[in-house]
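Working notes, structure below.
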Amino acid sequence: MKIYISADIEGVTGVMHWNETEKSKPDFQEACEQMTKEVKAACEGAINAGVKEIWVKDAHETGRNIIASRLPREAKLIRGWSEHPLLMVQELDKSFNALIMIGYHSYGSSSDNPLSHTLNPFELNYIKLNGQFASEFLIYSYAATTFDVPVIFISGDEGICKEAKKLNNNIKTVAVNKGVGNSVISIHPQLAVERIKKGVELALKRDVNQCKIHLPAHFEVELSYKKHWKAFKTSFYPGMRQISSTNVFFESKNYDDVLRMLLFVT
Ligand SMILES: [Zn+2]
């Protein structure tokens, strides 16, 4: 078996402030240590389930957060950003058996995480996909579905775990933080590591095809910008329409078009 792990930081145990997510800030060190531990735990769970090849995407900000030397030898690490439209799941293709998400967080404008956002947190209020608020989990679950790869496990805040269960109840989830206003209530970091390791192992020992989801036949995307002139600018992207001072709208039957659009306007 060959699996893919996409890792973010805003849903890592205890993380609740932007200073903990920025490489240049002193608060970052502990968060990136825990992010590394949680990714390592997912790798170890996968190895226990018989996985021989693991690709890890460091999918937060600089793409240079995970401490590579702490990962097992079976793992290849993708650092930085190729700027391919697959972004957080760069290099994912039909050869993978399953996708795992670690440190994921609730969608932009959600109250389930003080750091909730979708893609660029400094430019966008939210993204809606077919009328629903879209999380990075949803955007890249759909991307994986175009390759027939199921998301089988996610760890992060309670909100994103609930969203995953709603999309497919067979997806295994480990909630590590509960967002309350501008705070999080977290489980112990070591307990999170243990639950992630066990959860990934169990998820891979079951029939992963039970986690497959349905890809919509038509996509309507609404983006809401913090600055009105960003909406004005992106309204010039082919097929994009400005629908209010801050919001733009795009539609397509092809999900690749959606991913390409998001690459250029976020
Ligand atoms: Zn992030």
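The numbers here are math on the coordinates, done by the rules we state, and not lab data. Remember, predicted model here, so these are calculated numbers, not experimental data. Neighbour counts run over all protein chains shown; Cβ positions are idealised from the backbone, glycine included.
Results, tabulated for the structure shown:
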| item | result |
| --- | --- |
| Given charges at Cβ of Lys, Arg, Asp, Glu: region 112-266 dipole, positive-most of Gly179, Leu167, Val151 | Gly179 |
| Shape of region 1-60, Cα gyration tensor, a/c cut at 1.5 | prolate |
| Pairs of lysines in region 113-219 (C-alpha under 12 Å apart; 8 or more residues apart or interchain) | 5 |
| FRET efficiency for Lys226 and Asn254, using Cβ-Cβ distance with R0 set to 35 Å, rounded to 0.05 | 0.80 |
| Descending semi-axes in Å of region 1-155, equivalent ellipsoid built from Cα gyration tensor | 23, 20, 13 |
| In Hz, Karplus ³J(HN,Hα) per residue of region 201-211 (6.51, -1.76, 1.60; θ = phi - 60°; x = Gly, Pro) | 4, 4, 4, 7, 7, 8, 6, 5, 5, 5, 8 |
| Listed residue (Ile78, Tyr104, Gln132) projecting farthest to the positive dipole end of region 1-156, Cβ model | Ile78 |
| Sorted by Cβ neighbour density within 10 Å, fewest at the top, the residues Phe153, Phe147 | Phe147, Phe153 |
| Cα gyration tensor shape of region 117-188, rounded if a/c is under 1.5, else prolate or oblate by comparing a/b with b/c | oblate |
| Folded to 0 to 90 degrees: helix 158-167 orientation relative to the chain principal axis, Cα | 80 |
| Dmax and Rg, reported as Rg then Dmax, of region 156-246 (C-alpha, Å) | 19.1, 50 |
| Amide H contacts of Ser186 (H built 1.01 Å from N, under 5 Å, at least 5 apart or other chain) | Lys178 |
| Three-way shape call for region 63-120 based on the alpha-carbon gyration tensor, with the a/c threshold at 1.5 | prolate |
| Fewest-first sequence of Tyr4, Tyr237, Tyr225, Tyr104 by Cβ atoms within 10 Å of each Cβ | Tyr237, Tyr225, Tyr4, Tyr104 |
| Cα-only Debye scattering, the chain: base-10 log of I(q)/I(0) at q = 0.08, 0.10, 0.15, 0.17 Å⁻¹ | -0.29, -0.46, -1.06, -1.36 |
| Burial ordering of Ser186, Ser95, fewest other beta-carbon atoms within 10 Å first | Ser95, Ser186 |
| Candidate aspartates and glutamates for bridging to Lys23, where Cα separation is under 17 Å - those fewer than 8 sequence places away on the same chain excluded | Asp8, Glu10, Glu33, Asp58, Glu61 |
